[in-house]
1. Counting only residues that are more than 20 Å from Y455 (Cβ to Cβ) and either out of contact with any Pro (no Cβ under 6 Å at 6 or more places or on another chain) or of a type outside the set (A, V, I, L, M) (or both), give me the strands (runs of 3 or more DSSP E) lying completely in segment 478-589 with at least 1 of them.
2. Which residues, counting only those in segment 509-521, are under 28 Å from D546 (Cβ atoms) and open to solvent by less than 30 Å² (accessible area, probe 1.4 Å)?
3. Tell me which residues, restricted to segment 333-367, are more than 43 Å from the chain's Cα centre (by Cα), surrounded by 15 or more Cβ atoms within 10 Å (Cβ to Cβ) and at positive phi.
4. Can you confirm whether segment 432-449 contains a residue that is farther than 21 Å from T377 by Cα, at pLDDT 95 or above, assigned to a loop (DSSP other than H, G, I, E, B) and open to solvent by 30 Å² or more (accessible area, probe 1.4 Å)?
5. Taking the condition of being open to solvent by less than 10 Å² (accessible area, probe 1.4 Å) and among the polar types (S, T, N, Q), how many residues in segment 546-588 meet it?
6. Determine which member of the set T469, T456, T490 is crowded, with 23+ Cβ neighbours inside 10 Å and hydroxyl-bearing (S, T, Y).
7. Taking interchain pairs and intrachain pairs at least six residues apart, which have beta carbon atoms under 6 angstrom, with the first residue in segment 484-499 and over 21 Å from P415 (Cβ atoms) and the second in a strand (DSSP E or B)?
Amino acid sequence: MAGDPWLTPPARTNSHPDADVTDPLPTRPAATNPQPHPWPAAAAAPTTGWPGGGPGSDDPWAGAGPRAGAPPTTSGQSHSAPQQQSATPTSATPQWPADVPTPTTPATPWPGTTPTSGAPTSPATPWPATTPTSGAPTPQPAPPADPWGTPGAATANVFPNAGTTPQPPADPWGQPTARVSTWPASPATPGWQSTPEWQASPAAPYPATVRGTAQPGSPPPAAPYHEEKPRRRAGKVLAILLAVAVLAAGSYLAVRLLRPGTTDNTATPTPQGQQEQSTPPETTGAPTEPPAAEIPVSLTTPVIVDRFKLGQEPEGVVVSPDNKVVYVADQNSKDVHFIEVATRKITKVSVPNTPRFIAISQDGSRVYASMFENDFTGNGLAVIDTKNAKLVKAIRTGPRPFEPAVGPDGDVWVPIHNGARVEIYDDESLTESSRISVPPNPHWVTFSPDGTVAYTANHESSQISVVNTADRIVRRNIKVGRSPHAIALTPDGKKLIVTNYDLDKVQIFDTTTLRQIKQISVGKEPQAVMTSTDGKHAYIVNEGSDTLSVIDLDGLKVVSTVKVGDSPRVVALSPDGLRLYVTDGRSRTVTVLRTTEE
């Protein structure tokens, strides 16, 4: 594998993956006369360099140690082959530890190598990290584990016994191992050459390199190379790293700026005097709920904008949650009509008996119509699927069920006029779940905005019942004028409006104290009531005078009266507060009024 010029080469091993070696290893001749040489300073230096290394190669220690993974040979061993033994004894010198035998310097160099004299260096001063002689300079790997006992040692004088002459055997691959200097320290030391071979010009080209290092016999570069080239290379490396960092930073900023839904929180300094951007940064995280629609301001005098003709005697009316469909219970025809406001298309769904009043589920998927005949038979509750315009079920109820209402939990509350009770039906099983006894003849049911309290208008007993919706127990009954037919609450739940059918009056109560605030005269036979979405006005349907009275709930007085169809019965306000729908029983119409400015 070729060395990467930007990475440190791996440590040498006992294999040679970089060269395709097909011939067997050369056999070194047996050592005939090993001569120990003392070390400089601590011992005398050898007179000759290591075979296959020295200043003739790029590293003075090339070939100075055993091959990685192979134990060093003891003094007197032959270097020709691993199996060959030599009887030559070692000199009388202090011995190495038992596990590291003392190597010797063979007298005869390896075949194909030319031993040269050493370059003058001190054992304490190793050669520079990289000394390539051909090709691009490569970084020097970290010092390998020292086979002499000190892992990774790269300093001199690492042998365990001073004064001995340990000589690591030459590596047949010609690669450096332990970095222990054996060269003469100064010209005064025996073995110094007056003209080192590496200073002379080579007569032939240098041999090829393996892994970026010179082969044995190639001279090292001159001293200026060791001073300038690494610095130039380090400068190039730093320049390239800086360029890569700049490109990476630019790419990151480009992605952050171009990617939607992300922001960069880092602040960028602006020039002095330059204004900051006025647009706030985008924010991420959990989606926020859309802002609530602005509540429209109700008109003092609603304006008639449309009128639908339908059925035999329209009575109960409600509007879908999306304001698109109006549902009308048609007496005497046994039909419930669906009016599409935008297209004015009218469809109908037949029910078993005469529908009287109507309510809608919170999600608009169902409509509940109370039914009974004039002889008080056929009492029941029709359940209609609004999506498919189909009757789902007809539930039998008590006698004369009046205006139903959907409670906070989705259950359907049905006042039973002739039963002096309210029957409650589960919206899933469509069966009666409970009933509440109230004073005689309840007509209407309404709930506080928080759904904790229900109010019933009890017609013949002239009372209003206050019911706790949690335990469904009547907490209080309060006396009102006469024949309370319908009731309604302001959007804040603070005021309760009661129509007195036989008195032609409307009473307003404080829901906290349940005391009357004001009694106001309206048209004849006030039957139904509805409040505007802004809580400013109350709309009263006067069946006997065919009018709609508008009451200012702040001034507590009638501010306008609008003529509608014949015998108006019930009124409904669209959820958006923009349209008011009044059923006209005898004129067989539904009058549409605009309650706000366009």
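1. Numbers: elements: 484-489, 495-500, 505-510, 515-521, 526-531, 537-542, 547-552, 557-563, 568-573, 579-584.
Correct list: 515-521, 537-542, 547-552, 557-563, 568-573, 579-584.
2. F509, I520
3. Selection gives K334 alone.
4. In the first step, residues of segment 432-449 are kept if they are farther than 21 Å from T377 by Cα; the result is 433-434, 436-439, 445-449.
With at pLDDT 95 or above added as a condition, the list becomes 433-434, 436-439, 445-449.
Now drop any that are not assigned to a loop (DSSP other than H, G, I, E, B), which leaves 438-439, 448-449.
If we keep only those that are open to solvent by 30 Å² or more (accessible area, probe 1.4 Å) as well, we get 449.
Within segment 432-449 (the criterion being farther than 21 Å from T377 by Cα, at pLDDT 95 or above, assigned to a loop (DSSP other than H, G, I, E, B) and open to solvent by 30 Å² or more (accessible area, probe 1.4 Å)), the answer is yes, since at least one residue qualifies.
5. The qualifying residues number 4.
6. Details: T469 fails: crowded, with 23+ Cβ neighbours inside 10 Å; T490 fails: crowded, with 23+ Cβ neighbours inside 10 Å.
Result of the check over T469, T456, T490: T456.
7. Every condition considered, the pairs that remain are T490/T531; K495/I508.
The values are calculated or read from the model by the stated rules, or taken from the named source; none is laboratory data. None of these values were measured; they are calculated from a predicted model. Glycine gets a Cβ as well: all are built from the backbone with ideal geometry, and neighbour counts include every protein chain shown. Heads up: the accessible areas ignore ligands, DNA and RNA and are worked out on the full protein's heavy atoms, side chains in. Shrake-Rupley method; radii C 1.70, N 1.55, O 1.52, S 1.80 Å.
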